[in-house]
Amino acid sequence: MLTTIIYRSHICESVSDQVLQEMVNAANTKNGDAEVTGILLFNGTHFFQLLEGPEENVTAIYRHICRDNRHYNVVELLRDYAPSRRFGKAGMELFDLRDYDRDAVLQTVLDKGTSKYQLIYDDRALQFFQTFVEDWEKENYFEIPSGDSWEFISDEKAVKPEHSLADISPTCSFAFQPIIDPFSRQVVAMEALIRTPEGAPANIWFEGLSGDEMYEADLKSKSVAFAMASALQLGRQSLSINLLPMTLVKIPDAVNFLLSAIKANGLVPEQIIVEFTESEVISQLEEFTHGVKLLKGAGIRVAIDHFGAGFAGLLLLAQFQPDRIKINRDLIKDVHKSGSRQAIIQAIIKCCTSLEIAVSAVGVEKAEEWMWLESAGISQFQGYLFARPDFAAIPAVSWPEKRDDI
Ligand code: C2E
Ligand code: MN
């Protein structure tokens, strides 16, 4: 099927006009053979290219383009299907926007089009052209240095228990993973992630449970999390725990249970953050918001986890505003390369800024993801890049340090 890809990128300083022209000539031959046509715009700093052709060929050429080291910060803006080519002339013309009068430049670009209907109505691809030519989105082009301009150095401050924590509970255990602010070099909170007693992951632990039994076990497990956090000498560090929203609905006394367990383990409500994981529909929103009210009244902070990925999302946010929102790896993965992920995350940040809700990013694995998110205004991160969850222990954090030699 006729596929369209649009991307933008940043030219490397070392590329001269001559190299640029050679690059376009080489691309022309290659694209011609693959029946890929399109147009390449250049404004002196950024490229903007539209590629059209058979899906497999467009995808292969785009993959090749992403690896080209004459440009960087390649961001895919659109991937779509169309009935006919918009720019069907053989080859790939380089169109230097600087050579044209500002008022006429968009029309001149569109005049290059070969589409049957000039200026296809409401065509997203052509809207992207306009935005690029008119520089409307420029403040959102974050220039991210390459990932290897940072090194990650462990602070070796891991906390292993003095004696085994296995006797705290025969039914469950926890792994701990820090949420950090890399620039202020602070651990913002520690998250307790449920495990089987043998250390198998959360989904395996939940597998054995059904219906109401699951909510009961979810709640009870939290006293194990508190006991382990105490044994690992968490002190007054913030501790995040996860709860299914329906646990708060199905067990009316849940908040009191939590409060007694917090106290019994020498912790205080103000250091606890309850993260609600959106893995199911909250069917009784009224009861849920009542439970949240009780938590807040007791001094416990509340977060929405996996924001946007599950069932609730915007409606839940309209109903009650948590202290923080956690954006999950599903949205964060390769955000530095994806225009759609960038737009969604920027919208979440904007919304949360208006509501004074803190935003954190979970599942950060690549330095580029972290740098993009940091440029977008997020300052709290959790992910393998900084620390993997450690079973029945608190892991050391790998803090980013700028390399001097780059
Ligand atoms: P979550 O609360 O978003 O926790 C983060 C999950 O992402 C953890 O998986 C963690 O191991 C994983 N993770 C952290 N950094 C990275 C990364 O850089 N890359 C990747 N690929 N993964 C990363 P885990 O421990 O398997 O937990 C999965 C989910 O299970 C949690 O997601 C949470 O929603 C739920 N969960 C965990 N503990 C509990 C609990 O006690 N009660 C309830 N109701 N749910 C829990
Ligand atoms: Mn969580």
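Some observations on this one:
- Under 5 Å, built H, 5+ apart or other chain: amide partners of V188: I179, I180, D181
- Apportionment of accessible area to carbon and sulfur, the stretch 2-140, percent (1.4 Å): 47
- For G383, residues with placed amide H under 5 Å, excluding near neighbours: G363, V364
- Point-charge dipole on Cβ atoms (K/R +1, D/E -1) for the chain, about Cα centre, debye to 20: 460
- Value at 222 nm in deg cm²/dmol, rounded to 500, when DSSP H runs of n ≥ 4 in the chain each add -39,500 (n - 2.57): -10500 deg cm²/dmol
- Between the residues F307, I348, L294, the greatest Cα displacement towards the positive end of the dipole of the stretch 284-368, with unit charges on the Cβ of Lys, Arg, Asp and Glu, is found for I348.
- The Cα-based radius of gyration of the stretch 147-402, divided by its Kirkwood radius, gives an Rg/Rh of 0.95.
- Efficiency of FRET from Cβ geometry, T196 and E143, R₀ 51 Å, rounded to 0.05: 0.70
- For the stretch 21-54, the residues whose amide N sits under 12 Å from a probe point set 7 Å from the Cα of L2 along the beta carbon direction are 37-38, 52-54.
- Lysine pair count for the stretch 147-402 with Cα-Cα distance under 14 Å and sequence separation of 8 or more or different chains is 4.
- For S338, the residues whose modelled amide H falls within less than 5 Å of its own, excluding neighbours fewer than 5 places apart on the same chain, are E76.
- Pairs of Lys residues in the stretch 2-140 are counted when their Cα atoms are under 21 angstrom apart and they lie 8 or more places apart or on different chains; the count is 4.
- Fully extending the segment from D111 to C12, taken as 0.36 nm per residue of separation minus the present Cα-Cα distance, adds 32.7 nm.
- With a simple spin-label model that places each label point 7 Å from the Cα along the Cα-to-Cβ direction, the separation between A309 and E22 comes to 4.5 nm.
- Count Lys and Arg as plus one, Asp and Glu as minus one, and take only other residues whose Cβ is under 15 Å from that of D17; the net charge is then -2.
- The stretch 2-140, dipole about Cα centre (Lys/Arg Cβ +1, Asp/Glu Cβ -1), debye to the nearest 20: 280
- The stretch between Y72 and M214 holds 46.3 nm of extra length on full extension. This uses 0.36 nm per residue minus the Cα-Cα distance.
- 3J(HN,Hα) couplings calculated from phi for the stretch 72-84 with the Karplus curve 6.51 cos²θ - 1.76 cosθ + 1.60 (θ = phi - 60°) are, in sequence order, 9, 6, 6, 10, 6, 9, 8, 9, 8, 10, 9, x, 8 Hz; Gly and Pro show x.
- Projected over every direction and averaged, the convex hull enclosing the alpha-carbon atoms of the stretch 190-247 yields 4.2 nm².
- FRET E, pair I153, S184, Förster distance 22 Å, beta-carbon r, rounded to 0.05: 0.85
- Relative contact order for the stretch 282-351: 25 percent, from Cα pairs under 8 Å spaced at least 6 residues apart, divided by residue count.
- Computed over the chain with a Gaussian network model linking Cα atoms closer than 10 Å, the most mobile of I345, I168, I179 is I168.
- For a label point 7 Å along the Cα-to-beta-carbon line of E35, residues of the stretch 71-95 with backbone N under 18 Å: 80-92
The values are calculated or read from the model by the stated rules, or taken from the named source; none is laboratory data. It should be emphasised that the depicted structure is a prediction, and the values quoted were computed from it without experimental measurement. Counting neighbours? That spans all protein chains shown, and the Cβs are built from the backbone with ideal geometry, glycine included. Just so you know, the surface numbers come from the protein's heavy atoms only, side chains and all, with ligands and any DNA or RNA stripped out. Shrake-Rupley method; radii C 1.70, N 1.55, O 1.52, S 1.80 Å.
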